[in-house]
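Structure first, commentary second.
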Amino acid sequence: MTQSKYSTRQLTLMAMFAAIAYVAMLVTRPLPQIAGFLSYDLKDVVIAVAGFLLGPAPALAIAAVVSLIEMVTVSGTGPIGLLMNVLSTSAFALPPAMYYARNKSLRAAGTGLALGVAAMTAVMLAWNYIVTPLYMGVPREVVASMLLPTFLPFNLFKGGLNAGITMLIYKPVVGTLRRIGMVEAPHAGHAPHRFNWTATLLSAFVIVTSVVVLWLMSRPS
């Protein structure tokens with residue numbers, strides 16, 4: 001394959017993942033918010049899958065483009081929302097993309113996603129402390145009092161939910177893209193990953209737990 005053909009295919013995949021990520025954001029947008037402004041967003045899953053497949057730089061580009069389109073179409077949070085969107089998605093999707101690029105194994109994917117959840121949680125705690133008082137128009141002390149009881153569990157379980165979904169759908173997505181010729185088949189001698197019951201059950205457990213916790217957090221107190 002020539003470099004020009006590879007670039008065209010990569011750009012096509014990036015555009016496709018960006019479109020799917022935008023639709024995923026729209027689908028989850030009506031879900032109940034937590035604390036009046038924290039929202040679950042499925043687009044991180046799509047961008048994490050793109051990061052596994054294409055690498056960290058394309059994942060970052062997709063995150064920026066989708067967040068910008070979201071800002072100018074459906075979001076009312078303006079540049080602050082754009083900034084927080086890019087930071088959150090990038091912190092979640094880039095660590096697994098970087099880790100997986102060095103070692104394309106199931107263990108590396110799981111470890112990378114765990115790092116992504118931790119990175120997103122830490123980044124959003126810091127940036128919510130910095131930005132949320134400006135966005136909400138409240139004293140910083142009010143936001144500081146929300147960091148551990150609200151922001152920390154929300155980001156942990158949001159990230160856990162997205163990590164679990166990513167682990168479950170990545171192989172089926174790649175398999176489908178290979179069948180339609182969008183992704184190259186593995187090189188000769190490269191053994192495909194076998195179905196792993198442990199990883200599947202663990203992902204399902206993380207998904208169910210995260211859904212329950214986020215649902216409980218979204219209920220009026």
Between VAL23, VAL117, VAL74, which gets the highest mean-square fluctuation from a Gaussian network model of the chain, Cα cutoff 10 Å?
VAL74
So what's the stretch 131-184 giving for Cα Rg divided by 2.2 N^0.38 Å, two decimals?
1.92
Treat each spin label as a single point 7 Å out from the Cα along the C-beta direction, and report the SER39 to TRP197 distance in nm.
4.1 nm
Taking only C-alpha positions in the stretch 76-183, Rg and Dmax in angstrom work out to 16.6, 54
What percentages make up the Cα-Cα pair-distance distribution of the chain when the bins are 10 Å wide from 0?
8, 33, 36, 17, 6, 1, 0
Assigned charges on the beta-carbon of Lys, Arg, Asp, Glu; the chain dipole about Cα centre (debye)
620 debye
For the chain, list the DSSP H helices whose alpha carbon atoms reach 27 Å or more along the long axis and whose average Kyte-Doolittle value is 0.0 or above?
3-28, 78-102, 106-136, 152-179, 197-218
In nm, to one decimal, how far is the THR111 label point from the LEU11 one, both placed 7 Å along Cα→Cβ?
3.6 nm
In Å and whole numbers, how far do the C-alpha atoms of the stretch 39-106 stretch along each principal axis, longest first?
40, 20, 15
In angstroms, what radius of gyration and Dmax does the stretch 17-143 have, counting Cα atoms only?
14.8, 46
Using Cα pairs closer than 8 Å and at least 6 residues apart in sequence, work out the relative contact order for the chain, in percent.
18 percent
Can you give the longest stretch of the chain with no exposed loop site, where a site means chymotrypsin sites (Phe, Trp or Tyr not before Pro) in a DSSP loop (not H, G, I, E or B) with at most 13 other C-beta atoms within 10 Å?
38-194
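Where a number appears in this text, it was derived from the coordinates with a stated rule and is not lab data. The structure displayed is predicted, hence computed values, not measured ones. Cβ coordinates were reconstructed from backbone atoms using ideal geometry, including for glycine residues, and neighbour counts include every protein chain displayed.
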